[in-house]
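Each remark here refers to the structure printed beneath this line.
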Amino acid sequence: MCGIVGYTGKRAAMPIILEGLKKLEYRGYDSAGISTLHHNELTHVKALGKLIALEEQLAQEPLAGSIGIGHTRWATHGKPSVPNAHPHVVGTTAIVHNGIIENYKSLRTELEAHGSQFLSETDTETVAHLLHVHRRETLLETLFAILPMIRGAYSIAAIDTRDPHTLVCVKQESPLVIGLGKNENFVASDIPALLAHTRDFIFLEDGDVAAITPESVSIYHHGQPVERPIKTVSWSPSAAEKGGYKHFMLKEIHEQPRALRDTLRGKFDGKTLQLSDLALTPQEVASIRRIQLVACGTSWHAGLVGKYYLEQIARIPVEVDIASEYRYRTKVVDSSTLVVPITQSGETADTLAALKDAKREGAKVITVCNVVDSSIVRESHGVLYTNAGPEIGVASTKAFTTQLAALYLLALFIAQEQKRLDSAAIAEHIAQLEALPAVIETVLEREEEYKNFAHTFHDYPNFLFLGRSFNFPIALEGALKLKEISYIHAEGYASGEMKHGPIALIDAQMPVVVVATASAVYDKLVSNVEEVAARDGIVVALVNDADTSWGKKAHTVFRVPEVPEMLSPIVNAVPMQFIAYYVADFKGCDVDQPRNLAKSVTVE
Ligand code: M6R
């Protein structure tokens with residue numbers, strides 16, 4: 001999730017690009033850079049950290065020229081650093097890129113074997129070298145020539161001294177829009193970057209390549225010229241930043257199919273699952289006898305699901321600890337213990353302290369994290385990135401579902417390395433994982449049902465969430481989501497535990513959200529719900545499409561497509577997010593920045 005801005009016209013490119021990048025800083029902010037073309041020469045400036053650092057540097061060394069490209073980075077391949085910042089310049093071409101080039105490792109090996117010298121650790125630089133090595137008469141022709149060589153999700157913008165007024169770009173499963181001006185045109189990964197200059201946009205489709213000059217925009221698909229409609233956007237700048245959604249949280253809920261695809265991307269080559277950033281030798285994986293998952297809040301809930309995954313798939317005993325508890329208890333850890341901190345931000349103080357303790361005791365530590373080169377990643381021996389992109393809303397949504405996918409991958413990887421699963425079995429699991437984004441898209445299409453529900457229920461003072469087995473943590477997560485953004489008291493419980501206390505709370509004023517999708521304990525969960533109904537509780541059931549048995553038992557029934565039970569938490573989390581979001585919104589709460597909370601809790 002990086003930000004791209006490009007300009008070609010008559011005005012000075014640098015200030016336009018810089019202002020555009022500022023509007024995209026929410027997409028990534030660990031480094032930034034701009035390249036412009038002037039008098040047939042490419043120049044660039046890059047800086048580490050937020051855009052202000054680039055701005056300060058550009059004030060010292062301004063870039064001349066009326067064509068250029070810029071980038072604000074959210075690191076995926078290679079830590080935040082100046083060499084890894086974009087643009088990447090090779091020969092006569094400069095490029096910026098958003099997304100992931102899946103096959104960059106093999107391309108890089110090949111390019112290096114033929115003499116290309118790389119300056120960064122990024123996947124992007126591979127494309128820059130390909131453009132150089134395979135250059136044709138024009139940049140556009142070169143791009144056509146190299147596109148069949150690269151695999152992945154990407155949007156790329158490039159400029160070249162041989163074609164000094166043309167910006168070339170390509171979009172493949174990563175956003176890119178063209179902004180239309182008078183004697184000038186623009187390109188950006190998102191609309192807010194260009195709203196100060198135009199309201200007329202062309203939304204490129206996957207596979208589109210465009211050549212943009214100040215006077216023209218030519219779009220090609222499979223090498224053939226195509227027409228794309230011009231759309232006029234009426235969004236306010238702040239709505240545009242949120243992609244037209246009312247809140248970042250809602251935008252991030254909707255981003256989950258993309259985030260999951262990015263988390264799974266490039267890990268499985270059809271035979272072997274490769275998690276190279278774990279940096280574990282085959283011997284180290286073979287020697288894992290115990291796993292401790294350590295995290296806070298929503299990430300802890302991901303750990304609770306992860307325990308089921310690791311124990312069922314990899315057959316290794318797992319403990320799940322709240323980091324603030326772990327750090328003060330006696331840790332029984334040795335070199336056969338794998339400690340896995342789970343953290344969206346990579347900055348949570350309790351999780352960081354727990355990690356340091358575990359390392360001191362001799363454990364191997366690999367972190368599941370969303371932020372490249374964050375403090376916790378730097379302290380860990382290895383990492384498994386979630387690739388959800390920046391999460392701005394305080395309530396964690398896409399980070400959670402991608403953490404679940406990452407933990408599933410980790411379980412498969414250990415099972416593969418410890419020879420518990422063969423390649424065919426792994427392939428089957430991966431296919432099931434890869435089917436999830438489309439399932440979640442179906443759930444997102446049913447958003448209105450949750451809004452209607454929230455309209456009726458947002459004034460209730462208490463909620464109970466119930467689940468069992470893999471979906472017990474989803475009940476906990478549903479309750480946490482609701483309480484943190486709507487300030488409604490909510491509890492999550494394992495439904496079998498109801499009779500040991502919480503059942504006393506049930507009356508006609510208590511909505512009870514039950515996660516009742518297909519599972520090995522479905523019948524038992526249904527009996528628990530009967531106990532709720534018998535005490536006049538308001539049953540709100542989340543069931544599968546084919547389950548028609550809830551008409552009489554439940555006040556409200558939400559439906560999701562059926563997926564394998566182990567993967568159902570990833571789907572079932574989405575309705576919990578919608579319930580919390582719409583209840584909070586109807587109550588008029590500050591959804592993205594709830595009271596008393598911070599996105600990263602960097603103090604104990
Ligand atoms: O960045 P982390 O994943 O380490 O953050 C942990 C918790 O602070 C976080 O999940 C918190 O509970 C969220 N607000 C939940 O939505």
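Condition first: out of contact with any His (no Cβ under 7 Å at 6 or more places or on another chain), open to solvent by less than 10 Å² (accessible area, probe 1.4 Å) and over 27 Å from Arg315 (Cα atoms). Can you find one or more residues in the stretch 357-374 that meet it? Spell out the reasoning first.
As a first pass, look at the stretch 357-374 and keep what is out of contact with any His (no Cβ under 7 Å at 6 or more places or on another chain): 357-363, 367-374.
From what is left, the residues that are open to solvent by less than 10 Å² (accessible area, probe 1.4 Å) are 358, 363, 367-370, 374.
Okay, now just the ones that are also over 27 Å from Arg315 (Cα atoms), so 374.
Yes, the stretch 357-374 contains at least one residue that is out of contact with any His (no Cβ under 7 Å at 6 or more places or on another chain), open to solvent by less than 10 Å² (accessible area, probe 1.4 Å) and over 27 Å from Arg315 (Cα atoms).
Going through the stretch 395-429 one residue at a time, which ones are polar (S, T, N, Q), within 16 Å of the ligand (Cβ to nearest atom) and part of a helix (DSSP H, G or I)?
Thr401, Thr402, Gln403
Within the stretch 342-354, does at least one residue satisfy the condition of being in a strand (DSSP E or B) and either among the aliphatic types (A, V, I, L, M) or within 13 Å of the ligand (Cβ to nearest atom) (or both)? Break it down stepwise before answering.
Initial filter on the stretch 342-354 (in a strand (DSSP E or B)): 342-343.
When the remaining residues are screened for being either among the aliphatic types (A, V, I, L, M) or within 13 Å of the ligand (Cβ to nearest atom) (or both), the result is 342-343.
Yes, there is a match, as at least one residue in the stretch 342-354 is in a strand (DSSP E or B) and either among the aliphatic types (A, V, I, L, M) or within 13 Å of the ligand (Cβ to nearest atom) (or both).
As an exercise: evaluate Ser218 against (1) surrounded by fewer than 19 Cβ atoms within 10 Å (Cβ to Cβ); (2) part of a loop (DSSP other than H, G, I, E, B) and give the number of the one condition it does not meet.
Here Ser218 clears every test but (2).
How many of the residues in the stretch 536-545 are in a loop (DSSP other than H, G, I, E, B) and under 30 Å from the mean Cα position of the chain (by Cα)?
The initial filter retains those residues of the stretch 536-545 that are in a loop (DSSP other than H, G, I, E, B), namely 536-537, 545.
Of the ones still in play, those that are also under 30 Å from the mean Cα position of the chain (by Cα) are 545.
Looking only at that region, the number is 1.
Checking the condition closer than 17 Å to Ile474 by Cβ, β-branched (Val, Ile, Thr) and either open to solvent by less than 20 Å² (accessible area, probe 1.4 Å) or not in a helix (DSSP H, G or I) (or both), which residue from Val591, Val603, Val514 passes?
Only one candidate passes the filter, namely Val514.
I need the strands (runs of 3 or more DSSP E) fully contained in the stretch 11-73, keeping only those with at least 1 residues that are closer than 21 Å to Ala239 by Cα and open to solvent by less than 10 Å² (accessible area, probe 1.4 Å).
The qualifying strands (runs of 3 or more DSSP E) are 67-73.
If only one of Val285, Val305 is touching a residue at least 60 places away in the same chain (Cβ under 8 Å) and within 16 Å of the ligand (Cβ to nearest atom), which one is it?
On the way: Val285 fails: within 16 Å of the ligand (Cβ to nearest atom).
Just one listed residue meets the conditions, Val305.
I'd like to check something: does the stretch 493-507 contain any residue that is among the polar types (S, T, N, Q), part of a loop (DSSP other than H, G, I, E, B) and open to solvent by less than 40 Å² (accessible area, probe 1.4 Å)?
no
Report yes if some residue within the stretch 572-591 is away from the ligand (no atom under 14 Å from the Cβ), closer than 16 Å to Ser486 by Cα and charged (D, E, K, R); otherwise report no.
Yes, some residue in the stretch 572-591 is away from the ligand (no atom under 14 Å from the Cβ), closer than 16 Å to Ser486 by Cα and charged (D, E, K, R).
The values are calculated or read from the model by the stated rules, or taken from the named source; none is laboratory data. Quick caveat: nothing in here was measured; it's all calculated off a predicted structure. Because the Cβ atoms are built from the backbone with ideal geometry, glycine has one as well, and the counts that use them run over all protein chains shown. The area values use the complete protein model at the heavy-atom level, side chains included, leaving out ligands, DNA and RNA. Shrake-Rupley method; radii C 1.70, N 1.55, O 1.52, S 1.80 Å.
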